[in-house]
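Can you keep this structure in mind? I'll have questions shortly.
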Amino acid sequence: MADNMMTDKDYMERAIKLAAMGIGWTNPNPMVGAVIVKDGRIIGEGYHHKCGLLHAERDAFEGCKEDAKGATIYVTLEPCCHHGKQPPCTEAIVEHGIARVVIGSRDPNPLVSGKGVEFLRQHGIEVVTDFMRQECDKLNPVFFHYITTKKPYVVMKYAMTLDGKIATRTGASKWITSQVARDHVHMLRKKYSAILAGIGTVLSDDPMLNCRNDKIEDPDGKLLTVEPHQPLRVVVDSKLRIPEDSAIVKTSKEYKTVVACAYEEDQVTDEVKDKIIRLHDAGIEVLFMNHDGKVDLVKLIEWLGEHGYDSLLIEGGGSIGEAALKAGIVNHLMAYVAPKIFGGSQAKSPVEGYGVELVDQAAEFKLVDKKIIGEDILLEYDLVKGMNDVYWNS
């Protein structure tokens, strides 16, 4: 691993690749990578493997091949300086005699923000901040959002044709995108801590909503087989129509599942009570989230945040898409666009419902990334402006 031609940029890029190996397992902690370099040689490297396990810096020290005194450590996020499930990484850096610390992202956690850097400098260590910050920040939009708002980062995802259809006029939707794009979706399911679909999707597609991507790539490009993280499955089902022989119900003891309904807990009929008991026996938790006969998505988001779920991937149809935008819960949008055209005025689209009346009432997004995935294109956007208040409150 020795290469005297490697630069600060090369080492930080390796730390970024290491950090990405923790995808899905670190939530609600951030993904972090660390590389220790001495005399132009990498003598240790590590990453945060899983929430509750060693942080990246201590993981790197654990695997150090020689004394790290006088070395430089490259870390993608400001080292922590407080006691949590793990002791402070700043103390480990001082104890190992590190001479220089190169940091990518700033940590917005009030317990850490700026304090980690200050602690290191007070102990005579040279600290470089904001190095490749933009690249490092891309690792953790989920963590940055959750640690500052206590609400999950919500991603709305859909696959559509060139004419904006998510199904034909008959409801057929398998498959709009290529296998390569569908495999990419399973990476997303591994990345986010919860996944949501509406009852319409459950009734029409009978999905599993689990993750079947068991591969990660190490910094050298080698594919490793690992157990995939499985997200919490969330079904929005106002009237509890979910079939008891559906794939979701039959596997709910294997994959944690909640169903959000629009009943009041103390006003359900005996028939509904009996179904709730059967769902509970099958392993499903039923949440009562009523708001005017519909599931209150804002309340659902608050529940997820309170229970430690830092992110949510929405994979519903047009009704859920409209409801999510109307509720103002969407932070990020991912649109897979396939080189096909369905046509048809009755063919379904990603966002349905009543729609806005005027152009200036539209939700607006900023393009932040685009990728070619097989024959398809993935467009990613951050929300800039929500829909007009008149529409939201209608």
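The values are calculated or read from the model by the stated rules, or taken from the named source; none is laboratory data. Everything quoted here is computed from the prediction, not taken from an experiment. Glycine gets a Cβ as well: all are built from the backbone with ideal geometry, and neighbour counts include every protein chain shown. Note: areas computed on protein heavy atoms with side chains; ligands, DNA, RNA excluded. Shrake-Rupley method; radii C 1.70, N 1.55, O 1.52, S 1.80 Å.
Among rounded, prolate and oblate, which fits segment 1-99 when a ≥ b ≥ c are the square roots of the eigenvalues of its C-alpha gyration tensor, a/c under 1.5 means rounded, and a/b larger than b/c means prolate?
Judged from the Cα gyration tensor, segment 1-99 comes out oblate (a/c at least 1.5, b/c at or above a/b).
Given charges of +1 on the Cβ of Lys and Arg and -1 on the Cβ of Asp and Glu, with all other atoms neutral, how large is the dipole of segment 241-361 about its Cα centre, in debye to the nearest 20?
My answer is approximately 540 debye.
In terms of solvent-accessible area of protein heavy atoms at a 1.4 angstrom probe, what is the ranking of Thr148, Thr72, highest value first?
If we order Thr148, Thr72 from most to least accessible, we get Thr148, Thr72.
Pairs of lysines 8 or more apart, or on different chains, with alpha carbons under 20 Å: count those in segment 81-191, would you?
Pairs that pass both the separation and distance tests number 15.
For segment 202-309, what is the accessible area per residue in Å², given a 1.4 Å probe and the full set of protein chains?
The answer is 54 Å² per residue.
Could you go through segment 45-57 in sequence order and give the Karplus-derived ³J(HN,Hα) for each residue, using 6.51 cos²θ - 1.76 cosθ + 1.60 with θ = phi - 60°, rounded to whole Hz, and x for Gly and Pro?
So the Karplus estimates, Gly and Pro as x, are 7, x, 7, 7, 6, 6, 4, x, 8, 3, 6, 4, 4 Hz.
Give me the Debye-computed log₁₀ of I(q)/I(0) at q = 0.06, 0.13, 0.14 Å⁻¹ for the chain, equal point scatterers on Cα only, no solvent, two decimals.
With no solvent term, the Cα-only Debye profile gives -0.28, -1.10, -1.21.
Given springs between every Cα pair under 10 Å in a Gaussian network model of the chain, which of Glu265, Glu126, Glu357 has the largest fluctuation?
Evaluated over the chain, the most mobile residue of the options is Glu357.
Hey, another quick one. Within 10 Å of each candidate Cβ there may be at most 16 other Cβ atoms; applying that plus a DSSP loop requirement, which trypsin sites (Lys or Arg not before Pro) in segment 188-285 survive?
Loop-located and lightly packed - Arg212, Lys222, Lys239, Arg241, Lys253, Lys256.
Once the piece of chain linking Thr149 and Glu95 is laid out straight, how much longer is it, given 0.36 nm per residue of separation minus the C-alpha distance between them?
Residue separation times 0.36 nm, minus the Cα-Cα distance, leaves 16.1 nm.
Hey, could you grab the Kirkwood Rh for segment 152-245? Inverse mean 1/r over distinct alpha carbon pairs, Å, one decimal.
By the Kirkwood definition, the hydrodynamic radius is 15.3 Å.
Hey, another quick one. Shape verdict for segment 268-315, please, from the Cα gyration tensor: rounded (a/c under 1.5), prolate (a/b greater than b/c) or oblate.
Oblate, because a/c is 1.5 or more while a/b does not exceed b/c.
What does the helix-only formula give at 222 nm for the chain: each DSSP H stretch with n ≥ 4 adding -39500 (n - 2.57), the total divided by the residues, and the result rounded to the nearest 500 deg cm²/dmol?
-7500 deg cm²/dmol, from helical runs alone.
Oh, and also: Calculate what fraction, in whole %, of the accessible area of the chain sits on carbon and sulfur atoms when a 1.4 Å probe is rolled over the protein chains.
Here carbon and sulfur together make up 51 percent of the probe-accessible area.
Considering only segment 256-394, what is the antiparallel percent among its DSSP beta bridges, to the nearest 5?
75
With a ≥ b ≥ c the root eigenvalues of the C-alpha gyration tensor of segment 310-394, is it rounded (a/c under 1.5), prolate (a/b larger than b/c) or oblate?
Because a/c hits 1.5 or more and a/b fails to exceed b/c, segment 310-394 counts as oblate.
I've got another one for you. For segment 59-125, state which trypsin sites (Lys or Arg not before Pro) are in a DSSP loop and have at most 13 other beta carbons lying within 10 Å of their beta carbon.
Loop-located and lightly packed - Lys65, Lys69, Lys85.
What is the Cα centroid distance between segment 234-279 and segment 75-151, reported in whole angstrom?
43
Within segment 311-394, list the chymotrypsin sites (Phe, Trp or Tyr not before Pro) lying in a DSSP loop whose Cβ has at most 12 other Cβ atoms in a 10 Å radius.
Counting only loop positions with at most 12 other Cβ atoms within 10 Å, the chymotrypsin sites (Phe, Trp or Tyr not before Pro) in segment 311-394 are Tyr354.
Oh, and also: Among the lysines in segment 285-394, how many pairs, 8 or more places apart or on different chains, have alpha carbons under 22 Å apart?
Lysine pairs meeting the criterion: 12.
Under 5 Å between amide H atoms, partner at least 5 residues away or on a different chain: which partners does Asp310 have, H built in plane at 1.01 Å?
Close amide H contacts, sequence-distant or interchain: Ser193.
Charges on Cβ only, +1 for Lys and Arg, -1 for Asp and Glu, centred on the Cα centroid of the chain; of Tyr255, Leu297, Pro87, which one is farthest towards the dipole's positive end?
In the chain, that residue is Tyr255.
Right, next: May I ask for the net charge around Ile166, where only other residues with Cβ less than 15 Å from the Cβ of Ile166 are counted and Lys, Arg are +1 while Asp, Glu are -1?
+1
Could you tell me the distance between the Cα centroids of segment 194-211 and segment 321-362, to the nearest Å?
If you average the Cα positions of each part, the centres end up 18 Å apart.
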